Amino acid sequence: MSSATAIEWTNATWNPVTGCAKVGAGCDNCYAERLAERFRGVAGHPFERGFDLQLRPERLDQPLSWRRPRMIFVNSMGDLFHKGVPRAFVDDVFDVMERADRHVFQLLTKRSSRMRDYVNARYRRRPAPAHVWTGVSIEDDTKLARARHLRDTAARVRFLSLEPLIGPIRELDLDGIHWAIVGGESGPGARPMHPDWARALRDLCLAADVPFFFKQWGGRTPKAGGRLLDGREWSQWPETSGATRPMA
């Protein structure tokens, strides 16, 4: 878990699972894989096994020790809903999130159907907690099924991470969506994001009254292109985020 992060839309990261596998073009230049693989074979390092899928049960209770409320991005270095993560371990993660209700937990996945099925089963007879947000990553309009799965998820806050945006997204249905994040790719071989792709999504969000967060243009580094879209920063938040928004 990290108490400091450069990710603009969160305060901290928590990784009870690390490692993943590619499921689409958005994964081609995965920053997490690039970071983890640097340390493959380094004895004693947390990423000694590189980006291989690993459960980290020793990290489960970390959020309980954080007394100050904050937003926590769950699994910045993997995907909780990877098919290799046992349901019992997902249960353990959700148990901790429910107990640590002073925080906001931001779950983000590309395995959208598994998340939908899990959340809907867990909260079949009770409301999902408002402090556990569910989100999906979508990189272009070939992955819009993930948004449909998200809309069918029995969560109180649902968000879209439209990044790395590597193609236009047309006909995006924002019904039941509470927040949208847009960003370009960064790192070696970063694919450029056309300004019109970002503008179209901003305008769609404004028309649908969905809070819009423009994270970055991307480039060689995450900060290389800055965060201005048409001369201003866009840092809108779901109204439920309250005092747990990332601090300056």
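Every number in this text was worked out from the coordinates using simple rules, so none of it is lab data. Computed from a prediction, not measured in an experiment: that's the story for all the values here. Positions of Cβ are generated from backbone atoms using ideal geometry, with glycine treated the same way; all protein chains shown enter the neighbour counts.
Could you name the lysines whose alpha carbon sits less than 17 Å from that of LYS83, not counting residues in the same chain fewer than 8 places away?
Hits, sequence-local ones excluded: LYS22, LYS110.
So for the chain: antiparallel DSSP bridges make up what percent, rounded to the nearest 5?
Here the antiparallel bridges make up roughly 15 percent for the chain.
When Rg is the radius of gyration of the Cα atoms in the range 1-145 and Rh is its Kirkwood radius, what does Rg/Rh come to?
Rg/Rh for the range 1-145 comes to 0.95.
Please report ILE7, ILE138 as a ranked list, fewest other C-beta atoms within 10 angstrom at the top and most at the bottom.
Arranged by neighbour count, lowest to highest, ILE7, ILE138 become ILE7, ILE138.
List ARG170, ARG124, ARG227 from most exposed to least, where exposure is judged by having the fewest other Cβ atoms within 10 Å.
So the ranking, lowest neighbour count to highest, is ARG124, ARG170, ARG227.
Please enumerate, by chain and number, the lysines with C-alpha under 16 Å from the C-alpha of LYS223, excluding those fewer than 8 residues away in the same chain.
LYS215
Can you run phi through the Karplus equation (6.51, -1.76, 1.60; θ = phi - 60°) for the range 211-219 and list ³J(HN,Hα) in whole Hz, with x for Gly and Pro?
Going residue by residue, I get x, 10, 10, 9, 7, 5, 7, x, x Hz, with x marking Gly and Pro.
What net charge is computed for the residues neighbouring GLU139, neighbours being all others with C-beta under 13 Å from the C-beta of GLU139, Lys and Arg scored +1, Asp and Glu -1?
Neighbour charge sum, excluding GLU139 itself: 0.
Can you sort LEU160, LEU206, LEU229 from fewest to most other Cβ atoms within 10 Å of each residue's own Cβ?
Fewest-to-most Cβ neighbours within 10 Å comes out as LEU206, LEU229, LEU160.
With a sphere of radius 13 Å drawn around the Cβ of GLY231, what net charge do the other residues whose Cβ falls strictly inside it have (Lys, Arg +1; Asp, Glu -1)?
+2
Counting helices only, and only those DSSP H runs with n ≥ 4, report the 222 nm mean residue ellipticity of the chain as the sum of -39,500 (n - 2.57) divided by its residues, in deg cm²/dmol to the nearest 500.
-6000 deg cm²/dmol
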